[in-house]
Structure formats: structure tokens, C-alpha cells
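A short write-up of the structure that comes next.
The values are calculated or read from the model by the stated rules, or taken from the named source; none is laboratory data. Keep in mind that this is a model prediction, so the values were computed, not measured. Cβ sites come from the backbone with ideal geometry, for glycine too, and all protein chains shown count toward neighbours.
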Amino acid sequence: MSEAGEGAEFEGAVTSLHDIRVTVEAIEGRSVCGMRVGDFCEVTNSNELRIPDDRHFCIYALQSVLPLIPAKQRDLPAGDWLERDTLVACPDPEERLIMRIDRIGRVDLATDDLT
């Protein structure tokens, strides 16, 4: 339970984050997961995962990009490797599925609403 006045210095503060799209850039092996080049998912409004109605996104491919999403949502110094690198590989060595992480928009959220 928070004490009275705790966090008052952040009252009304806004956190600006990028919405993210993860797109299948290439499949250099055989696709056993059923994904195709161009398939994508998006993370919007900080934490909302969106996948087009008529498609799916492999959970094993997704798990390889999830740790990078919070960093890619934020502005980073120009020299930071996470600012420059956008490609991530699926962990399945037979598929050799390559995904690209792009920033597709920006959203301002009340800092008090975030955990």
C-alpha cells in the first residue's frame, strides 16, 4: 500500500513510448510454424499485443523478440546497439526465420497508469 504523498512528484507526468511492429523479414530455411514473409504482430499502448485476425504469430519466434520490446519502445542514445540493430532470429535453427523490429508510432501515456 502506498503512503499519502508517495509519488506526488510524478503526478501528471507523461511517459512517451513507441508502438512496435515485428515483421517476418526473411525465412532462410523451412517454415514449420506456418509463418510467411510479411507476417507481423504489433505491441501498442505499452503492452497490447495485436495480431491480424486472419494470421498467427509463432510463440517461439515471439519469445525471442519480447525481451527487446521495452528497450525499443523508448528513445535510446544514437550510439546504443539497440538503437541501431533491428533484426532478430527465431530460435529454431532449421527455420532461420529473421524478424525486423520497427517503431511505427508514438503514444503518450500517464506515468501513473504504468507499472
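Summary of computed values
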read-out	value
Leading residue by the ranking (farthest from residue 98 (Cα to Cα)) among those in the range 27-41 that are touching a residue at least 60 places away in the same chain (Cβ under 8 Å) and among the charged types (D, E, K, R)	30
Matching residues in the range 51-88 - criterion: being exposed (fewer than 13 other Cβ atoms within 10 Å of the Cβ) and under 13 Å from residue 23 (Cβ atoms)	52, 87
In the range 42-77, the residues that are more than 17 Å from residue 105 (Cβ to Cβ), in contact (Cβ under 8 Å) with a residue 12 or more places away in the chain and of a type in the set (Val, Ile, Thr)	65
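Condition check ((1) modelled with pLDDT of 95 or more; (2) assigned to a strand (DSSP E or B); (3) over 21 Å from residue 38 (Cβ atoms); (4) of a type in the set (Lys, Arg)) across all residues:
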residue	(1), (2), (3), (4)
70	no, no, yes, no
74	no, no, yes, yes
82	no, no, yes, no
100	yes, yes, no, yes
104	yes, yes, no, no
108	no, yes, yes, no
